[in-house]
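Visitor: Submitted below is the structure of interest, expressed as structure tokens.
The values are calculated or read from the model by the stated rules, or taken from the named source; none is laboratory data. Just so you know, these numbers come straight off a predicted model, no measurement behind them. Neighbour counts are summed over all protein chains in view; Cβ atoms, including those assigned to glycine, are modelled from backbone coordinates with ideal geometry. Calculation scope for accessible area: heavy atoms of the full protein, side chains included, ligands and nucleic acids excluded. Shrake-Rupley method; radii C 1.70, N 1.55, O 1.52, S 1.80 Å.
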Amino acid sequence: MYSENGVLVDFDEITRLVTTADVFTVAFSNFPERLIVDTRSNDIEAPLVQVVEPARSARDRMNWLSRRRPSLGTPETFSFFAWPHSPGFMVQSGVWDRIRNRVEEGESQVSVQCDLAITALLNLDRDATFAVLRGEHCLTLWPRQPEDEDEDHDGES
């Protein structure tokens, strides 16, 4: 299946990962932040859905998770995938609903986490798009020329 930018996504594989992984992290192409989803829960901890800064390594992420959720121990499976599209397309394609369905299961606080996470992802994507349009963090072939404020821009002298 092709999406907004033509990249083929293996939805069956993503569905399998979302359905089976204890913990997974999703990277996006337009901004550095990650979506982390920890589906594990116990009497103390509910599932976790949160937008986080990128970690230097999988080991760093596991250490962060162990500090953040000590009662759950080390996850049995930890997966990472890069989503090559916008968070908006994640919603449109149904992937976001699969994630929500996996973690919500009657947990109202997880529903709030999901709402906050998708809002943050959509805002990060919008901000990254606007930054590109403004030329921020972009390399150009030609440097910007300073505008001469005294110059008449209507073509008349």
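Visitor: Scan (1) open to solvent by 60 Å² or more (accessible area, probe 1.4 Å); (2) within 14 Å of V37 (Cβ to Cβ) for the single condition V110 breaks and write down its number.
Guide: Tallying (1) open to solvent by 60 Å² or more (accessible area, probe 1.4 Å); (2) within 14 Å of V37 (Cβ to Cβ), V110 fails exactly one: (1).
Visitor: List, please: which pairs have Cβ atoms under 8 Å, are six or more places apart or on different chains, and start with a residue in segment 127-144 that is closer than 14 Å to F31 by Cα and end with one that is modelled with pLDDT under 80 and assigned to a loop (DSSP other than H, G, I, E, B)?
Guide: The qualifying pairs are A131/H137; V132/C138.
Visitor: Filter segment 113-139 down to the residues that are aliphatic (A, V, I, L, M) and more than 19 Å from the chain's Cα centre (by Cα), then identify the one that is surrounded by the fewest Cβ atoms within 10 Å (Cβ to Cβ). Before you say what the answer is, go through the steps one by one.
Guide: Filtering segment 113-139 down to residues aliphatic (A, V, I, L, M) leaves 116-118, 120-122, 124, 128, 131-133, 139.
Now narrow it down to the ones that are more than 19 Å from the chain's Cα centre (by Cα): 133, 139.
Numbers: L133: 9, L139: 5.
Here the answer is L139.
Visitor: Looking only at segment 12-21, decide whether some residue is surrounded by fewer than 19 Cβ atoms within 10 Å (Cβ to Cβ) and either among the basic types (K, R) or touching a Pro at 6+ places or on another chain (Cβ under 8 Å) (or both).
Guide: Of the residues in segment 12-21, the ones surrounded by fewer than 19 Cβ atoms within 10 Å (Cβ to Cβ) are 12-13, 15-17, 19-20.
Then drop every residue that is not either among the basic types (K, R) or touching a Pro at 6+ places or on another chain (Cβ under 8 Å) (or both), which leaves 16.
Checked segment 12-21: at least one residue is surrounded by fewer than 19 Cβ atoms within 10 Å (Cβ to Cβ) and either among the basic types (K, R) or touching a Pro at 6+ places or on another chain (Cβ under 8 Å) (or both).
Visitor: Conditions first: (1) within 17 Å of the chain's Cα centre (by Cα); (2) open to solvent by less than 60 Å² (accessible area, probe 1.4 Å); (3) more than 17 Å from Q113 (Cβ to Cβ); (4) polar (S, T, N, Q). S29 passes all but one, so which condition is the exception?
Guide: So the condition that S29 fails would be (2).
Visitor: Sort out which residues of segment 67-82 are at pLDDT 90 or above and either within 18 Å of V110 (Cα to Cα) or loosely packed, with under 15 Cβ neighbours inside 10 Å (or both), and write them in order of number. Explain how you work it out, then say what you get.
Guide: At the first step, the residues of segment 67-82 found to be at pLDDT 90 or above are 67-72, 79-82.
The answer is R67, R68, R69, P70, S71, L72, A82.
Visitor: Which of the numbered conditions does H85 fail, given that it passes all the others? Conditions: (1) within 29 Å of L8 (Cα to Cα); (2) in contact with a strand residue (DSSP E or B) (Cβ under 7 Å, 6 or more places away or on another chain); (3) surrounded by 13 or more Cβ atoms within 10 Å (Cβ to Cβ).
Guide: Unmet condition: (2).
Visitor: Here is a further query. Go through segment 52-66 and give me each residue that's surrounded by 12 or more Cβ atoms within 10 Å (Cβ to Cβ) and closer than 26 Å to N123 by Cα. Quick ask: steps written out before the conclusion?
Guide: Residues of segment 52-66 surrounded by 12 or more Cβ atoms within 10 Å (Cβ to Cβ): 52, 54-55, 58, 61-66.
Once the filter is applied, which keeps residues that are surrounded by 12 or more Cβ atoms within 10 Å (Cβ to Cβ) and closer than 26 Å to N123 by Cα, segment 52-66 yields V52, P54, A55, A58, R61, W64, L65.
Visitor: Also: Taking the condition without any contact (Cβ under 8 Å) to a residue 40 or more places away in the chain, farther than 16 Å from D38 by Cβ and β-branched (V, I, T), does V91 pass?
Guide: Values: without any contact (Cβ under 8 Å) to a residue 40 or more places away in the chain: yes; farther than 16 Å from D38 by Cβ: yes; β-branched (V, I, T): yes.
Taking the combined requirement at face value, the residue satisfies it.
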